[in-house]
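Structure record follows, encoded as structure tokens.
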Amino acid sequence: MLFADKLVPYLRDLQTQTEERYQRLVEQMRQVEGVTEEWKARDPMAWVWRMNGIAAPARTIVMEEWG
């Protein structure tokens, strides 16, 4: 029980840090590549395709950092 009392908060903190890192990476990559909300409004399918292209390497980076 004591182990669980320490493990759960630790894992929650790790998840929060990981999610924040992922969101920062996606935002930075989106800005570098010029993927804007205007683009989303003008061509939603292209925007989704490009965001998927940004999300995949961002996930890989985060997983490699924590792995």
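Overview of values
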| quantity | calculated |
| --- | --- |
| Contacts under 9 angstrom Cβ, first residue in the stretch 20-40 being over 12 Å from residue 50 (Cα atoms), partner at pLDDT below 95, 6 or more apart | 21/65; 21/66 |
| Test for residue 47: is it modelled with pLDDT under 95, open to solvent by less than 60 Å² (accessible area, probe 1.4 Å) and touching a Phe, Trp or Tyr at 6+ places or on another chain (Cβ under 6 Å) | no |
| Of residues in the stretch 32-43 being more than 21 Å from residue 58 (Cα to Cα) and part of a helix (DSSP H, G or I), the one farthest from the chain's Cα centre (by Cα) | 42 |
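Table: residues versus (1) at negative phi; (2) at pLDDT below 95; (3) surrounded by 12 or more Cβ atoms within 10 Å (Cβ to Cβ).
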position	(1), (2), (3)
9	yes, yes, no
14	yes, yes, no
21	yes, no, yes
28	yes, no, yes
32	yes, no, no
52	yes, no, no
56	yes, no, no
61	yes, no, yes
67	yes, yes, no
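The values are calculated or read from the model by the stated rules, or taken from the named source; none is laboratory data. Remember, it's a predicted structure, so these values are computed and weren't measured experimentally. Cβ: placed from backbone, ideal geometry, glycine included. Neighbour counts: every protein chain shown. Please note that ligands, DNA and RNA were not included when accessible areas were found on the heavy atoms of the full protein model with its side chains. Shrake-Rupley method; radii C 1.70, N 1.55, O 1.52, S 1.80 Å.
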